[in-house]
1. So if I take the alpha carbon set of the chain, get Rg, then get Rh from the Kirkwood formula, what is the Rg over Rh ratio?
2. For residue 38, what residues show an amide H to amide H distance below 5 Å, using hydrogens built from the backbone and excluding near sequence neighbours?
3. Residue farthest toward the positive end of the dipole of the chain, with Cβ of Lys/Arg at +1 and Asp/Glu at -1: which of 158, 294, 27?
4. Excluding same-chain residues fewer than 8 positions from residue 219, which aspartates and glutamates have a Cα within less than 13 Å of its Cα?
5. Could you give the longest part of the chain that holds none of the GluC sites (Glu not before Pro) found in DSSP loops with at most 15 neighbouring Cβ atoms within 10 Å?
6. So, in Å, what gap is there between the alpha-carbon centers of segment 247-303 and segment 27-80?
7. In whole Hz, with x marking every Gly and Pro, tabulate ³J(HN,Hα) for segment 183-194 from phi via Karplus 6.51 cos²θ - 1.76 cosθ + 1.60, θ = phi - 60°.
8. Per residue, how much accessible area does the chain show when a 1.4 Å probe rolls over the protein heavy atoms, in square angstrom?
Amino acid sequence: MKKETILSGVQATGRMHIGNYLGALKQFVDIQNEGKLECYFFVADLHALTVPRDPEKLRQDTLEVVAEYIAAGLDPKKSVIFIQNHVLEHAELAWIFNCITPVGELEKMTQYKDKGRSQKDSVNAGLLTYPTLMAADILLYKPNFVPVGEDQVQHLELARIIARKFNRQFGETFPEPKPYERKPLRIMSLKNPDKKMSKTGDDPLYLDDTPEIIEAKLKKAVTTETGAKNLIETLSYFADKSVVDKFTAEQKSGEIRYSELKSVLATTISDHFADFRKRKKELLNDKSELSKILNDGAARAREIAVPTITEVKQKIGLL
Ligand code: TYM
């Protein structure tokens, strides 16, 4: 029987932080290692163009995400790892979806409203159509599941709406992808815990931060009620239950020492990513190996993408 498929991506916007890891990357690795699903993971470099980018930095950022995928445990022998722009069909299908998606649907997207506000003078069309490209990324592979963090659930829902609309207009083509079974997460910023941790705007905890930097960033973390909850929740993904229970109980009774919580969290996270830091450096020093992995990944991705786009073109009347 054919295995069910899972697909997800990360933007080529630089190093990943703990939010990206817990919300997405960790799940990619766990799902791959369970071995039950066919896995596709890509780097969304076309999406990264929706904000102004220095070309050299974009090239570097793209390879960093690939190195981080592999350093965290994605294995090119078990998962198809590729770069979005290497499979031209993503942009092609995105254009077709642009032509069946009302502008009003796109203007409702929270990410567009948030990012648009910060780019008031120059909101580019790519920022508006970000979700149709994301729908194309997904539907091209007809996956059963798409694991994403909580902030991307609205985009995933739009992909489902686009799939339904296309199917209604042109006949059954795209199955509706589901979020993965685990509840989508939202890890909050250390300095401003009312906002999600993000690569822009605050000081996120990067996966390859040195132990000294991790400690320094956590020292500055605010410990308001939501801040402390976020720290304890983050600890719960890395530490033994007994350690987490101790801090939870102390917080309830008001006896908690936040300096101790921060110090335990810093050590736990630094230790967890010690191998990751080493492996990422090694991978980035061997660019020819990375490029072999990516060429192979793009070829395997095209095996699925090309038949889908051929089917779509035939159904909508493109010669
Ligand atoms: P990106 O690079 O912004 O985020 C990558 C993944 O990390 C998750 N994430 C978080 N999860 C929990 N807490 C946080 N603070 C946090 N910040 C980020 C995001 O939800 C995401 O899962 N649009 C996607 C990239 C993409 C994609 C796709 C994903 C493009 N095409 C197709 C799936 C399928 C994004 O936001 O990437």
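1. On the way: Rg = 20.4 Å, Rh = 20.8 Å.
That ratio is 0.98, to two decimals.
2. Distant-sequence amide H within range of residue 38: 4, 5, 6.
3. Looking along the dipole axis, the top candidate is 158.
4. 203, 260
5. Values: sites that count: 4, 172, 181, 255.
In the chain, the maximal stretch lacking such sites is 5-171.
6. 14
7. With the stated coefficients, segment 183-194 comes to 4, x, 9, 9, 8, 8, 5, 6, 8, 9, x, 7 Hz.
8. Numbers: 15640 Å² over 319 residues.
The answer is 49 Å² per residue.
The values are calculated or read from the model by the stated rules, or taken from the named source; none is laboratory data. Quantities reported herein were computed from a predicted structural model and do not represent experimental measurements. Every residue, glycine as well, gets a Cβ built from its backbone with ideal geometry; the counts of neighbours run over all protein chains shown. The area values use the complete protein model at the heavy-atom level, side chains included, leaving out ligands, DNA and RNA. Shrake-Rupley method; radii C 1.70, N 1.55, O 1.52, S 1.80 Å.
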